[in-house]
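The values are calculated or read from the model by the stated rules, or taken from the named source; none is laboratory data. Owing to the predicted nature of the structure, the values given are computational and were not obtained by experimental measurement. Every residue, glycine as well, gets a Cβ built from its backbone with ideal geometry; the counts of neighbours run over all protein chains shown.
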Ligand code: SAH
């Protein structure tokens, strides 16, 4: 009788499980270490690339396992050099990730979920609804794809990673942490944690959890308004996760990590363009050491939201800077290919 073996995705196994597998199949436990390095350090997509394993060992692995990696389905290039990848997952769903080149850095902007459940009114991803969480390997693979493009197309290494693509990373906490472990550990891509930024809508409970878990990456919070009424009107999450709770969580975060927080903030016409709003932001900035990125709004369609005029941005800038808060205006990248913040919506 022919025995059929259900092939598992080898990257779902922990190192210890891989060791057990080899021992159970009459091989040495240290093979697991070798395979683990091929998978997570050298990012191979095929068992035949594991050249320090004997042919019979490779065949045995092939008989039991598959490597379900992502495929870059479509790569678009912006006139400013930004690259947007439409990434096909093994079940056919698509997410997007972006490579952003600057003079000094190459940044990968990666997705953490297919779609998003948060319903921020100004964000295109919100219209996709949340389909599912990405697995650790799907997040890791987006980074690897951009790392390869960075080396191949720009001849430079990937320097930074931001979790600012589709989805809310803290609603897929375990998988995001597991991917970050593979990206930062010496047995993985060995990238420095301080080069990583996780951006969140500001879930207080999860910020406290991250602080307790002793994470070493940077935290960015999409603030956009520091008055509850305004924030709730554009970000429904604020109804159950108020600015006061957020502030308490951030104080706890800073106490534990001593790591500055970055606030992302778009200034819109008729929404948060008054001096009262700017003053509320300044007051919020006093909770913990922080810096502010005033990000350019990327219109997503019907014109309900419009970027405020330059003089309003200057007013924000002057008020914050004169009170010692480092503030930067962040220009959009990749707008022409819908690769900028909040534009990721699988249009193509
Ligand atoms: N869920 C996470 C990460 C994804 S959004 C978060 O909320 O932080 C990445 C950043 O793009 C966030 O700061 C978000 O508020 C911002 N953003 C969303 N839509 C935008 C748009 N249309 N124009 C500019 N920034 C936008």
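Here are some notes:
- When 336, 301 are screened for being within 15 Å of the ligand (Cβ to nearest atom) and in a helix (DSSP H, G or I), only 336 passes.
- Residue in segment 234-255 that is in contact with a helix residue (DSSP H, G or I) (Cβ under 7 Å, 6 or more places away or on another chain) and under 30 Å from residue 141 (Cα atoms) present: yes
- Number of the condition not met by residue 68 [criteria: (1) in contact with a strand residue (DSSP E or B) (Cβ under 7 Å, 6 or more places away or on another chain); (2) modelled with pLDDT of 95 or more]: (2)
- Selection from segment 239-250 of residues that are closer than 17 Å to residue 281 by Cβ and in contact (Cβ under 8 Å) with a residue 24 or more places away in the chain: 243, 246, 247, 250
- Qualifying residue in segment 309-326 (condition: within 14 Å of the ligand (Cβ to nearest atom), free of Cβ contacts under 8 Å to residues at least 60 places away in the same chain, farther than 18 Å from residue 344 by Cα and not in a helix (DSSP H, G or I)): no
- Boolean, residue 132 is within 16 Å of the ligand (Cβ to nearest atom), touching a residue at least 24 places away in the same chain (Cβ under 8 Å) and within 25 Å of residue 10 (Cα to Cα): yes
Okay, residues lined up against (1) within 22 Å of the chain's Cα centre (by Cα); (2) over 19 Å from residue 329 (Cβ atoms); (3) in the same structural domain as residue 127 (by TED's automatic domain parsing):
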| position | (1), (2), (3) |
| --- | --- |
| 233 | no, yes, yes |
| 238 | yes, yes, yes |
| 246 | yes, yes, yes |
| 251 | no, yes, yes |
| 263 | yes, no, yes |
| 278 | no, no, yes |
| 284 | no, no, yes |
| 299 | yes, no, yes |
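- In segment 26-50, the residues that are surrounded by fewer than 13 Cβ atoms within 10 Å (Cβ to Cβ) and more than 21 Å from residue 141 (Cβ to Cβ): 26, 28, 30
- Residues in segment 216-237 that are over 17 Å from residue 264 (Cβ atoms) and within 16 Å of the ligand (Cβ to nearest atom): 232, 233, 236.
- Residue list for segment 197-210, restricted to those being assigned to a helix (DSSP H, G or I) and in contact with a strand residue (DSSP E or B) (Cβ under 9 Å, 6 or more places away or on another chain): 206, 207, 210
- Filter result for residue 175 (farther than 17 Å from residue 218 by Cα, surrounded by fewer than 20 Cβ atoms within 10 Å (Cβ to Cβ) and within 15 Å of the ligand (Cβ to nearest atom)): yes
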